[in-house]
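For reference, the structure is listed below as structure tokens.
Quick note: the coordinates plus some simple rules give every number you see, no bench work behind them. Predicted, not measured: the structure shown is a model, and the values here were computed from it. All Cβ positions, glycine included, derive from the backbone under ideal geometry; neighbour counts span all protein chains shown.
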Amino acid sequence: MIPELGHFTLGLALALALAVAGFGLYGAQRAQPRFMALVPPLAAGLLLAVLASFLCLIASFVMNDTTVSTVVANSHSLKPLLYKISGSWGNHEGSMLLWVLILALCAGAVAIFGRNLPSALQARVLAVLGLVATGFLAFMLATSDPFRRVWPPAVDGNGLNPILQDPGLAFHPPLLYLGYVGFAVTFAFAIAALIEGRVDAAWGRWVRPWALAAWSFLTLGIALGSWWAYYELGWGGYWFWDPVENASLLPWLAGCALLHSAIVVEKREALKTWTVFLALLAFALSLLGTFLVRSGVLNSVHAFASDPGRGIFILALLMLYVGGGFALFAWRAQAMAPTGVFAPVSREGALVLNNLLLCSVAAVVLVGTLYPMFADLVLGQKISVGPPFFNSATLPLAAPLIGAMAVGPFMPWKRARLWPALQKLWWVALLALGALLLCLALEGQRVGPALGFAAAAWLIFGAKAEFAQRIGLFSRPRAAFGRALGLPRAAWGGVLAHAGLGVTILGLAGMGLATDRLALLKPGESAELAGYVYRLDSVADAAGANFAARRATVQVLRQGEPVVTLLPEKRSFPLARMTTSEAAIHTTWLRDLYVVLGEERDGGVVLRIHNNPLAPWIWLGAGLMALGGGLSLSDRRTRVAAPAPKAQAVRA
Amino acid sequence: MTRKKKRLYLLLLCALGLGSATALTLTAFQDNLVFFRSPSDIARDVPGPERAFRLGGLVETGSLARSTEAGRPLARFVVTDGAHQVTVAFGGVLPDLFREGQGVVTLGKLGRDGVFQASEVLARHDETYMPPDVADALRRSGHWNPNQGAAPPASSWNTLQPGRGGG
């Protein structure tokens with residue numbers, strides 16, 4: 001009964017999505033207020049229908065309904081409740097439903113919070129969202145129905161892939177999808193603007209919160225995925241330039257460019273065409289990411305099933321939305337004349353440079369990600385593009401970006417001079433140089449990490465300098481505290497996000513100095529790494545809910561003093577006939593002590609020991625970036641999303 | 001400054017950005033593209049010892065030998081595509097999913113002695129999974145005609161005879 005209800009509400013959602021698209025586009029085009037007034041309630045109905053369907057799927061998973069094929073393929077009665085729930089989106093069908101649910105949530109938010117939008121704009125935005133939802137709902141109903149029944153019912157499910165049974169991964173897809181789908185809203189705004197042929201400061205004011213929210217969620221989603229890879233996969237790495245990772249990085253880069261260029265539209269009414277283009281690009285890359293992961297083109301843990309029918313369907317959707325969007329852009333972009341003019345050296349100019357560099361990085365990553373597929377299809381060559389390519393091709397582009405990031409905020413709008421801005425940063429440059437030399441002196445000829453430390457110092461202290469300048473810390477120290485409280489939250493957010501990237505780079509630079517060793521130890525023996533002694537005390541069996549484990553007890557000592565006891569595990573899941581390693585990690589914030597249990601032989605075990613300096617700061621920095629985005633979002637001016645008085649706009 | 005001149009600056013900047021991105025991509029491609037080779041490819045055309053590539057095939061049953069060298073575990077095994085074999089040496093912990101008789105992809109360089117020195121061993125999938133590159137190598141070596149149905153079970157591949165095997 002429940003699966004049928006879910007299937008029915010999915011069909012209902014398709015009908016509602018079509019109605020939203022039809023009434024919205026027709027009503028706005030013909031200026032029919034009655035039709036346009038229908039659109040927000042219909043969008044709310046779409047949200048309710050998809051939500052009901054999603055709840056039905058979760059209910060099927062929680063009750064372990066073995067007549068539903070998705071449940072049979074991905075769940076098991078012995079699985080902990082959290083993974084029964086998260087398992088509902090840990091597979092192809094369920095994750096598509098989650099995608100559509102988040103899209104419907106966005107549409108619902110536009111319907112409810114967008115009451116102060118011009119009604120034609122709101123109707124068009126909702127219509128475009130409805131159109132996107134239509135495509136994906138049709139895709140689900142046609143090729144990947146989450147509620148398909150099997151008869152006779154299976155005895156029990158096959159279980160979820162053990163490495164996906166993890167709290168970090170339970171929340172990774174929803175966050176990532178919030179990011180991907182958030183760009184659908186900016187896409188919808190861009191399409192609506194193209195149809196109307198009008199982009200103004202108010203448009204920028206509506207688009208920027210969505211870009212900010214999507215970007216913040218995407219940041220969190222990527223960080224969570226990277227953190228998961230770090231502690232769960234047990235290789236001690238945090239970013240592998242895997243195509244799936246790149247698929248999430250691409251919309252992040254485009255979204256980062258978008259939220260910066262939207263500032264220029266909002267404040268200065270310049271760069272309009274470019275911002276619309278970026279809004280299209282960010283969603284195009286989000287869809288490309290969905291296509292790459294969901295079509296089974298990639299061979300990785302993320303591609304649950306490869307079914308060419310699905311791939312072609314998603315490719316068709318991709319062509320339709322992206323191709324349609326860019327065709328409309330080509331046709332209508334001339335209509336948007338820029339009004340704000342600016343000199344090359346100015347705040348606007350700095351933001352253009354930021355956009356240009358971010359897009360160049362995105363282009364390089366895109367080529368590196370797609371080239372192996374292209375070579376396979378067209379040239380028949382089996383090629384892989386690994387981390388060395390991405391590192392050597394993106395770092396030279398990231399360097400000027402980081403250099404400009406600290407200088408840009410010091411430049412006034414319209415026209416600026418470079419030298420005064422640089423003069424305010426001399427002590428920051430000195431600190432960065434100090435970090436570089438210190439690292440070279442302490443660690444020897446390790447140029448990469450040394451440059452990383454310099455970049456981190458430049459960004460963190462650069463953000464601090466900007467903050468000090470804004471509150472007049474040096475010029476009027478007494479009033480500084482009051483000014484800090486009065487500072488718009490958007491300014492706090494920007495400073496925090498820039499510093500957050502610095503903190504992430506600090507972690508990356510630290511990881512550049514990571515060391516590891518392998519040791520074959522018998523109980524009682526010990527190995528040393530980076531000043532810590534790891535003594536193996538015992539290896540014993542341990543049992544879990546749905547797995548059996550071998551657990552080693554490793555005592556870590558520093559100068560004879562015990563630091564911590566680490567318990568790395570090797571888990572074997574009888575159901576999936578799989579073995580996974582659970583790394584044991586102890587963080588001191590300055591470094592992670594990271595131990596992985598390898599195979600057992602000759603009465604001993606192989607331990608892989610990693611010393612990862614500053615590793616936790618990578619994800620902490622990402623958290624700061626997302627927090628900065630959130631702070632900026634909570635600013636009254638973005639929240640109200642209404643044209644503010646002129647004076648307020650000028651002050652920021 | 002006139003608007004035309006400004007636009008020119010902007011265009012120049014864009015061209016510079018795109019140009020440098022292209023140049024970086026091309027030079028990085030030149031140095032860092034990693035090709036996939038099967039044991040048969042290596043027998044046909046022996047690659048030099050300076051270039052890293054990916055070697056894939058099946059781990060021959062009974063070929064895995066483990067030893068320890070100065071506290072560091074060493075593994076040696078034979079990778080086969082049925083027609084040819086390559087011995088692989090790997091110093092490190094083999095992945096959890098590494099099994100004899102199953103598909104494996106390794107990254108490394110071919111030494112002058114003909115032993116493949118692997119720096120990475122990838123066996124990230126469950127035991128019914130065949131890496132696409134390996135499946136393709138097996139098909140090319142004449143062990144499996146995809147037109148005659150699904151691939152035979154992975155554990156039997158290295159006992160099949162070239163030309164006779166398949167569907």
Across peptide A:382-395, what mean number of C-beta atoms from other chains lies inside 10 Å of a residue's C-beta? 6
What FRET efficiency do you get for A:VAL447 and A:TRP151 if R0 is 41 Å and r is their Cβ-Cβ distance, rounded to the nearest 0.05? 0.05
On a C-alpha basis, how far is the centre of region A:240-283 from the centre of region B:55-102 in Å? Whole number, if you could? 45
Run the dipole for region A:515-613 about the Cα centre, Lys and Arg Cβ at +1, Asp and Glu Cβ at -1, nothing else charged, and hand back the magnitude in debye, nearest 20. 160
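Taking a threshold of 30 Å on the Cα-Cα distance, which of the pairs A:LYS424/B:LYS6; A:LYS464/B:LYS4; A:LYS79/A:LYS522 fall above it?
On the way: A:LYS424/B:LYS6 27 Å; A:LYS464/B:LYS4 38 Å; A:LYS79/A:LYS522 34 Å.
The pairs that break the limit, which is 30 Å between Cα atoms, are A:LYS464/B:LYS4; A:LYS79/A:LYS522.
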If each part is reduced to its alpha-carbon centroid, region A:17-74 and region A:544-621 end up apart, in Å, by 45
Filter chain A for me: DSSP H helices, axial length by Cα at least 30 angstrom, mean Kyte-Doolittle hydropathy not below -0.5. List them by residue number. A:2-29, A:33-62, A:92-113, A:119-143, A:167-196, A:201-232, A:243-268, A:272-294, A:347-374, A:447-471, A:489-511
Treating only Lys and Arg (+1) and Asp and Glu (-1) as charged, each at its beta carbon, one finds that region B:31-90 has a dipole about its Cα centre, in Debye to the nearest 20, of 160
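Based on the Cβ-Cβ distance of A:GLN381 and A:ARG34, what FRET efficiency does E = 1/(1 + (r/R0)^6) give at R0 = 56 Å, to the nearest 0.05?
Efficiency, rounded to the nearest 0.05: 0.40.
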Approximate spin-label separation A:LEU433-A:ALA335, in nm, with each point projected 7 Å along Cα-to-Cβ: 5.4
Cleavage-rule hits (chymotrypsin sites (Phe, Trp or Tyr not before Pro)) in region A:463-512: DSSP loop, at most 16 neighbouring Cβ within 10 angstrom: A:PHE474
Residues of A:604-610, mean number of Cβ from any other protein chain within 10 Å of their own Cβ, rounded to a whole number? 2
Estimated [θ] at 222 nm from DSSP helical runs (n ≥ 4, -39500 (n - 2.57)) normalised by residues in chain A, nearest 500: -21000 deg cm²/dmol
Would you mind computing Rg(Cα) / (2.2 N^0.38 Å) for the protein assembly as shown, counting N as its residues? 1.00
About its Cα centre, what dipole magnitude does the protein assembly as shown give when the only charges are +1 on Lys and Arg Cβ and -1 on Asp and Glu Cβ, stated in debye to the nearest 20? 3820
Charge dipole of the protein assembly as shown about the Cα centre (unit charges at C-beta), most positive-ward option of A:THR587, A:LEU164, A:GLY598: A:THR587
Gain in span if fully extended, A:TRP426 to A:LEU328, counting 0.36 nm per residue against the direct Cα distance: 30.6 nm
When the charge dipole of region A:424-513 is computed with +1 at the Cβ of Lys and Arg and -1 at the Cβ of Asp and Glu, the Cα pointing farthest to the positive end, of A:ALA480, A:TRP426, A:GLN445, is that of A:ALA480
Per the C-alpha gyration tensor (a ≥ b ≥ c, the square roots of its eigenvalues), region A:311-357 is rounded if a/c is under 1.5, else prolate if a/b beats b/c, else oblate; here it's oblate
At q = 0.12 Å⁻¹, what is the log10 ratio I(q)/I(0) for region A:366-512, with the Debye formula run over Cα points and no solvent? -0.64
Can you give the extra length, in nm with one decimal, that the chain gains between A:ASP537 and A:LEU590 once fully stretched, where that is 0.36 nm per residue apart less the Cα-Cα distance? 16.5 nm
When only alpha-carbon atoms count, how far does region A:515-613 stretch along each of its three principal axes, as whole angstroms with the largest first? 43, 31, 20
Charge dipole (chain A, unit charges on Cβ, about Cα centre) - positive-most of A:VAL293, A:ALA333, A:VAL563: A:ALA333
